[in-house]
1. How about segment 1-44: which chymotrypsin sites (Phe, Trp or Tyr not before Pro) there are in a DSSP loop, with at most 16 other Cβ atoms within 10 Å of their Cβ?
2. When all alpha-carbon pairs of segment 107-163 are counted, what percent fall beyond 15 Å?
3. Select from segment 136-191 those trypsin sites (Lys or Arg not before Pro) which occupy a DSSP coil region and have at most 15 other Cβ atoms within 10 Å, ordered by residue number.
4. Give me the one-decimal Kirkwood hydrodynamic radius in Å for the chain, with the sum taken over alpha-carbon pairs.
5. Straight-line reach only, C-alpha to C-alpha below 14 angstrom: list the aspartates and glutamates that Lys108 could link to, leaving out same-chain residues fewer than 8 apart.
6. Which whole-percent values make up P(r) of segment 38-127 when all C-alpha to C-alpha distances are grouped in 5 Å steps starting at zero?
7. Using the Kirkwood radius built from alpha carbon pairs, what does the Stokes-Einstein equation give as D for segment 127-188 at 37 °C and 0.692 mPa s, in µm² per second?
8. Among the GluC sites (Glu not before Pro) in segment 18-97, which ones are in a DSSP loop with at most 16 other Cβ atoms within 10 Å of the Cβ? Mind listing them?
Amino acid sequence: MKYFVIDCETTGLLDFKFAADDPSQPRLAGVTMIPVDEDLQLTDGTTFSALIQPDGWEISPEITAINGLTTERCAAEGVPIALALDAYSGFVNDGRIAVAYNAQFDLKQIRSELRRLNLPDLFEETPNICAMRASKSLNVEKAGAKKGGFPKLSDVYRHFFKKELEGAHTSESDAMACLEVFRELVKIGAV
């Protein structure tokens, strides 16, 4: 089996009560996709990581405070959304399994953008593994006051590696941390 680890940065949080392409849903502002082989080792030269050029959307100061992205930065450094979606479609069409920390969020965000461009959303063709759900049974100590629900990626990272996750809430850092966590989950048989 081959995989690709994906992490999305967005202009807000998805509302799961609405369709992926509902006009109220957030937009994709950045994405990293890291292909790995059956041994969970990086595949040379094919990682995709980019900010997305705004197409009429903006990033609020509240979201900037979380992921550090601004509308201006995405406009200056971003690529057209079609490039990111082509990379995603290529990984799926190559038979790779998507791995994400909260796969429901990341894959719905990608479906949203595919639908907005009238492209197939690849929902049925995209097998996936959610590292967040797989880590639920680990009894991970959570930072902060919130004790219920799923642990954050930073909590699971700290659980496995006994150090803080640096660069959290950037697609590059979170995708790489998800890959490292996924390797550990596979090692202990949690996936």
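The values are calculated or read from the model by the stated rules, or taken from the named source; none is laboratory data. Please read all numbers here as calculations on a predicted model, not as lab measurements. Every residue, glycine among them, receives a Cβ derived from its backbone with ideal geometry; neighbour counts consider all protein chains shown. The area values use the complete protein model at the heavy-atom level, side chains included, leaving out ligands, DNA and RNA. Shrake-Rupley method; radii C 1.70, N 1.55, O 1.52, S 1.80 Å.
1. Phe16, Phe18
2. Pairs farther apart than 15 Å: 59 percent.
3. Here the trypsin sites (Lys or Arg not before Pro) that fit, given the DSSP loop and packing criteria, are Lys146, Lys147, Lys162, Lys163.
4. Evaluated over the chain, this radius sits at 16.9 Å.
5. Qualifying aspartates and glutamates at Cα under 14 Å: Asp7, Glu9, Asp15, Asp21, Asp22, Asp121, Glu124, Glu125.
6. 3, 11, 19, 23, 20, 14, 7, 2, 0
7. Translational diffusion coefficient: 276 µm²/s.
8. Glu38, Glu58
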